[in-house]
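Below is one structure, written out as structure tokens, with a few remarks after it.
Values in this text are rule-based calculations from the coordinates and carry no lab data. Just so you know, these numbers come straight off a predicted model, no measurement behind them. Virtual Cβ from ideal backbone geometry, glycine too; neighbours counted across all protein chains shown.
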């Protein structure tokens, strides 16, 4: 329910929601200097305002992630999972990894 994939109907039960209409998400190399993220910029360009939720936890980097980050497999990372929404509807999932050796003591 938190991810918007099912809906509860009082006195009836829980049901899988209808599949949302696919929407093209144009990823670009655009990186604003301050105050916005690429997601926010895309939303502004489309004339809508999106929101997101995130949760972070420490984890060990698997082989593929360790290689991408240039660290040893099993190295400690901060894994953050994002759920992006547009008009309250889920539209994109994203996961980021940051090596704790670089970011572990930052706010």
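Given points 7 Å out from each Cα along the Cα-Cβ axis, report the residue 92 to residue 59 separation in nanometres with one decimal.
Spacing of the two 7 Å Cα→Cβ label points: 1.9 nm.
Between residue 80 and residue 7, what is 0.36 nm times their sequence separation minus the Cα-Cα distance? Round to one decimal in nm. Each step should come with its number before you reach the end.
Details: separation 73, 0.36 × 73 = 26.28 nm, distance 2.56 nm.
Result: 23.7 nm gained on full extension.
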